[in-house]
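The values are calculated or read from the model by the stated rules, or taken from the named source; none is laboratory data. From a predicted model like this one, the values you see are computed outputs, not experimental measurements. Positions of Cβ are generated from backbone atoms using ideal geometry, with glycine treated the same way; all protein chains shown enter the neighbour counts.
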Amino acid sequence: MTDLSPLAPSPTAAPIPAGTSVVFDEEAKFFDRDFIAGGSPWRLLKLPGGSRSVAERWQDGGTVRSGEERFARTLIQQGLLHPIFPTRHDVDDIDVVVPVRDDVASLRELLGQLHGLHVTVVDDGSLNPLAIAECARRFDVALIRLEVNRGPGGARNAGVAGTERPLVCFLDVDVALDDARDVLERLGAQFQDPLVGACAPRIRGGAGSSTRDRFERRFSPLDMGGHDGLVVPGGPIAYVPSACLLVRRSAVGAGFDDRMRTGEDVDLVWRLHDQGWLVRYVASVVVTHRARGTWRRWWSQRVDYGVSSSELAARHGERMAPVRSDVWTLVAWSSVLLGKPMIGARIVRVTREHLRVRLSDQSDDVREATDKVVGRAMIGAGGPLARAIVRTFGLGLVACALHPRLRRRALLVFAIGTAWRWRHERLHLRDLPLAVADDAAYGVGVAKGAWRTRSWAALTPRISKSSVRVRDVLGLSRAN
């Protein structure tokens, strides 16, 4: 199933209404005369003349006044500004779809949390359908029975086809909600923006005292972090999982690609984005998802995530590139790794000068603007680059470490890329083995997927061009 989602309304036809409360993204920063940095993806934006005062009024929260509606919409589309909808949504407009296969115990626990909501259970080819049917009858919820297992995407699609309310919430059977009504009301409020096609809460690891549970609470693969934001391919929040996902029925079109057993949620979110819909991540709303019950299942889950990268690459191309960098950033950090830091320093200096020339007639303080951009884009790229390399190519780095001449550099990249997980967390040594195993499983999955599809797309870095030329870095003057 590969049909496109319906097109979203045009942003110009859906300005943010006057009186709407808004607040700037907490990562957005004002500086110089008319510049703001941030958004999804990150950018340096020059504000239109006279709009700086309006933007500053919204910085810590404010309302959109008459005449400011289109400006607010522009900033919201770029992820710099977020609308605040205090009104809670009526849960009677929401169908909850729960796909399940044989896990009666988890289904019973979840349905107990969903009391009073419009719930449809989709039995995805269970070996014991009578147990699932009895559980559905006990909690008085609708049941759709699929005789043949279709996978999570196909089961969710069957749930959409069998319901009719304007919003649909997909819930995995191993998700837990302390207050399901509150979660749906707060997520549903986001749909007061007619351009929002989907939104998701933060999904944290569930309770438990096992090693896996503790690791999952800190580093769940479903946890997109503690900051609200727009979901944009290549942005800080590149996707959201469908373990708990609220969607606008009119936006999802054909729904999930039911040929995909994993990665189908990423595919759907990116198709929504491509059709102009906004997908929001609401970190202030939290649900939990427990870790896999055995080490074998835990490992298989991570491998499957890696395998899905090749299928996603076939559909979405360079969005699945394991490493993204512009050419000079990559050369600069490679020179540092090779013990030639002066080359990297030269590249950074030339890039700063190049940008200063471009901004000289637009900025009162060119130095601040260039330092902001170059500092983030080049100097700050070292940790994320190492993390991206370890995530997909960690086993290759370990193999390189067997060579005496490569050992020190390979281990350095491996150490930085592994430690980057803890940039916002306190380090617990007990997490290290699982962190290494997590990356190894994903890397194995990526290689497995590439072999299965006979495609290198998910293993091919995306190296973008730069306006800085080789002659600039070498200090060669333009020929007369």
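Any residue at all in region 331-343 that's part of a loop (DSSP other than H, G, I, E, B), in the same structural domain as VAL444 (by TED's automatic domain parsing) and of a type in the set (D, E, K, R)? Among the residues of region 331-343, at least one is part of a loop (DSSP other than H, G, I, E, B), in the same structural domain as VAL444 (by TED's automatic domain parsing) and of a type in the set (D, E, K, R), which makes the answer yes. With respect to the conditions (1) crowded, with 16+ Cβ neighbours inside 10 Å; (2) over 16 Å from VAL196 (Cβ atoms), ALA8 falls short on a single one, namely (2).
SER53 meets the conditions (1) loosely packed, with under 15 Cβ neighbours inside 10 Å; (2) modelled with pLDDT of 90 or more in every case but one. The failed one is (2).
Meeting the requirement of 3 or more residues that are under 30 Å from HIS89 (Cα atoms), the helices (runs of 4 or more DSSP H) wholly within region 242-328 are 249-252, 264-274. Evaluating ASP174 against the criteria (1) of a type in the set (Asp, Glu); (2) surrounded by fewer than 18 Cβ atoms within 10 Å (Cβ to Cβ); (3) in contact with a Gly (Cβ under 9 Å, 6 or more places away or on another chain) leaves one unmet condition, (2).
Within region 349-370, can one find any residue that is small (Gly, Ala, Ser), at pLDDT 90 or above, out of contact with any Cys (no Cβ under 6 Å at 6 or more places or on another chain) and surrounded by 19 or more Cβ atoms within 10 Å (Cβ to Cβ)? Within region 349-370, not a single residue is small (Gly, Ala, Ser), at pLDDT 90 or above, out of contact with any Cys (no Cβ under 6 Å at 6 or more places or on another chain) and surrounded by 19 or more Cβ atoms within 10 Å (Cβ to Cβ).
If we keep just the residues of region 229-238 that are part of a loop (DSSP other than H, G, I, E, B) and surrounded by 20 or more Cβ atoms within 10 Å (Cβ to Cβ), which is nearest to the chain's Cα centre (by Cα)? My answer is ILE237.
Among the residues of this structure, GLY317 does not count as one that is closer than 30 Å to GLY443 by Cα, crowded, with 18+ Cβ neighbours inside 10 Å and not aliphatic (A, V, I, L, M).
Taking region 413-430 only, how many residues are surrounded by 15 or more Cβ atoms within 10 Å (Cβ to Cβ) and over 24 Å from ARG296 (Cβ atoms)? Residues in region 413-430 being surrounded by 15 or more Cβ atoms within 10 Å (Cβ to Cβ) and over 24 Å from ARG296 (Cβ atoms): 7 in total. Among the residues of region 201-224, some residue qualifies, meaning at least one is assigned to a strand (DSSP E or B), closer than 26 Å to ALA158 by Cβ and either free of Cβ contacts under 8 Å to residues at least 60 places away in the same chain or touching a Leu at 6+ places or on another chain (Cβ under 7 Å) (or both).
Taken over region 442-473, residues that are assigned to a helix (DSSP H, G or I) and in contact (Cβ under 8 Å) with a residue 24 or more places away in the chain amount to 16. Taking the listed residues PHE170, PHE191, the one that is part of a helix (DSSP H, G or I) and aromatic (Phe, Trp, Tyr) is PHE191, with no other qualifying. When PRO201, PRO221 are screened for being modelled with pLDDT of 95 or more and within 21 Å of HIS424 (Cα to Cα), only PRO201 passes. Counting just the residues of region 431-471 that are polar (S, T, N, Q) and surrounded by 15 or more Cβ atoms within 10 Å (Cβ to Cβ), which one comes out farthest from GLY344 (Cα to Cα)? Looking at residues that are polar (S, T, N, Q) and surrounded by 15 or more Cβ atoms within 10 Å (Cβ to Cβ), I get THR453. Just one of (1) surrounded by fewer than 16 Cβ atoms within 10 Å (Cβ to Cβ); (2) assigned to a loop (DSSP other than H, G, I, E, B); (3) on the phi < 0 side of the Ramachandran plot fails for GLY116. It is (3).
Condition check ((1) within 22 Å of VAL97 (Cβ to Cβ); (2) at pLDDT 95 or above) across all residues:
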residue: GLY235; (1), (2): no, no
residue: ALA243; (1), (2): yes, yes
residue: ASP257; (1), (2): yes, no
residue: VAL279; (1), (2): yes, yes
residue: SER284; (1), (2): no, no
residue: HIS289; (1), (2): yes, no
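Residues checked against (1) surrounded by fewer than 19 Cβ atoms within 10 Å (Cβ to Cβ); (2) touching a Gly at 6+ places or on another chain (Cβ under 6 Å); (3) within 21 Å of LEU230 (Cα to Cα):
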| position | (1), (2), (3) |
| --- | --- |
| ILE36 | no, no, yes |
| GLY49 | yes, no, no |
| ALA72 | no, no, yes |
| PRO86 | yes, no, yes |
| HIS89 | no, yes, yes |
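With respect to ALA410, is the statement that it is out of contact with any Gly (no Cβ under 6 Å at 6 or more places or on another chain), part of a helix (DSSP H, G or I) and more than 22 Å from PRO341 (Cβ to Cβ) true? Considered against the rule, which asks whether it is out of contact with any Gly (no Cβ under 6 Å at 6 or more places or on another chain), part of a helix (DSSP H, G or I) and more than 22 Å from PRO341 (Cβ to Cβ), ALA410 comes out as no.
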